[in-house]
Amino acid sequence: MNYLEQLLSEWYEYNGYFLRKNVRIGKRKEGGYAGELDIVALNTKSNHLIHLEVSSDTESWSKREALYERKFRVAKDFIPSLFEGIDLPELEQHAVFLFGAKTKDIIGGGKIVLVSELMQTIYNDLKIKVYKNEIVPENFPLITTIQRCISSSNKYNQ
C-alpha cells in the first residue's frame, strides 16, 4: 500500500467506514487475477459504498480513460462478493490522482478527485475540531500528523 492509499484508508476508517484494501478479484483458471481494488469502503451507518483507485501516475487523460474504464467495470462485477450477506447501496467510484490538471470530472465512469482536493477536505474537517477534546487516535498516523500540524499553527485550538 502506498502513502496515498494509506491516507485514504485512514481517512475513511476514521470517518466510520469498514475497509477492504488491495483486494485481488476474479481469480482466473489460467492463473492471475482480473484486477486488484485499491480500497473499497462501506459505511453501514450512512449506507454508503465507495471504491477508490489511487494513482500517482503522470499518464495522459486518454491513457487513463481506458485503464479506469476497465478497472471500474471489473470492480462492479466483484465488489458484491466482498460483502456477502449485506444489502449494498449503489456503488460510487473515484479515481484519486496526485498529478493532473482537473480538466474533466469523470474518468472511466468514476469521479475524478485530486489529492489536493482531498487534502483540503481533511484540513477543513480537522481545523474545526478542538484538539484537546477531539484528538485523532494514534492508530491513524497520517491523519494525526495533519491534525497536530493544524493545531500547532492555530493559537486558538491549543
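Any read-out appearing in this document is the output of simple, stated calculations on the displayed coordinates, not a laboratory observation. These numbers come from a predicted model, not from an experiment. In this analysis, Cβ positions are derived from the backbone assuming ideal geometry, glycine residues included, and neighbour counts consider all displayed protein chains.
Key figures
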{"read-out": "Proximal aspartates and glutamates to LYS71, defined as alpha-carbon separation beneath 12 angstrom and excluding residues fewer than eight positions away on the same chain", "value": "GLU36, ASP38, GLU53"}
{"read-out": "Normalised alpha carbon radius of gyration of region 5-135 [divisor 2.2 N^0.38 Å]", "value": "1.13"}
{"read-out": "Contact order relative to length of the chain, as percent, for alpha carbon pairs under 8 angstrom and 6 or more apart", "value": "18"}
{"read-out": "Options PHE72, SER62, LEU82, ranked by Cα towards positive dipole end of region 3-114, top entry (Cβ charges)", "value": "SER62"}
{"read-out": "Within region 9-60, GluC sites (Glu not before Pro) in DSSP loop having at most 15 other beta-carbon neighbours inside 10 Å", "value": "GLU30, GLU59"}
{"read-out": "Degrees, to the nearest 10: 115-127 long Cα axis against longest axis of the chain", "value": "40"}
{"read-out": "Those GluC sites (Glu not before Pro) in region 69-138 that DSSP places in a loop and that have at most 12 other beta carbons within 10 Å", "value": "GLU84, GLU90, GLU134, GLU138"}
{"read-out": "Folded to 0 to 90 degrees: helix 3-14 orientation relative to the chain principal axis, Cα", "value": "70"}
{"read-out": "The chain - mean residue ellipticity at 222 nm from DSSP helices (-39,500 (n - 2.57) per run, n ≥ 4, rounded to 500)", "value": "-12500 deg cm²/dmol"}
{"read-out": "The chain, dipole about Cα centre (Lys/Arg Cβ +1, Asp/Glu Cβ -1), debye to the nearest 20", "value": "160"}
{"read-out": "Helix 141-153 vs. the chain, principal-axis angle (Cα, 0 to 90°, nearest 10)", "value": "30"}
